[in-house]
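Contents: one structure, followed by commentary.
The values are calculated or read from the model by the stated rules, or taken from the named source; none is laboratory data. Please read all numbers here as calculations on a predicted model, not as lab measurements. Every residue, glycine as well, gets a Cβ built from its backbone with ideal geometry; the counts of neighbours run over all protein chains shown.
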Amino acid sequence: MRLVVDLNRCQGYAQCAFLAPDVFAMHGDESLLYDPEAAAEQRENVARAVAACPVGAILLEAEGAEDADDAGAAGAAGAAGAAGELAAAAIPGGAP
């Protein structure tokens, strides 16, 4: 399961961190940490987090989409590097 978070859209409401704390975490008030290669066991929690995001910033890629980076799915997840690394970026304008 591969996640992409649009950090330009994210406003730091942290609903994802409450619903899937093993995948998403807030670092201070202004940056979101997440595992772009979340474990399959987290699928239900991640699906809840995707649905709960008030600005729709979280995308869950379909299974078998190994070539997602080549297909244009860029962003923090693509820049994170090897599987298991956390992706992080500042949230524009800070958290509300």
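Overview of results
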{"item": "Of all residues making up region 24-73, the number that are part of a loop (DSSP other than H, G, I, E, B), on the phi < 0 side of the Ramachandran plot and modelled with pLDDT under 90", "result": "12"}
{"item": "Selection count where residues are crowded, with 18+ Cβ neighbours inside 10 Å and over 8 Å from the mean Cα position of the chain (by Cα), scope region 1-12", "result": "5"}
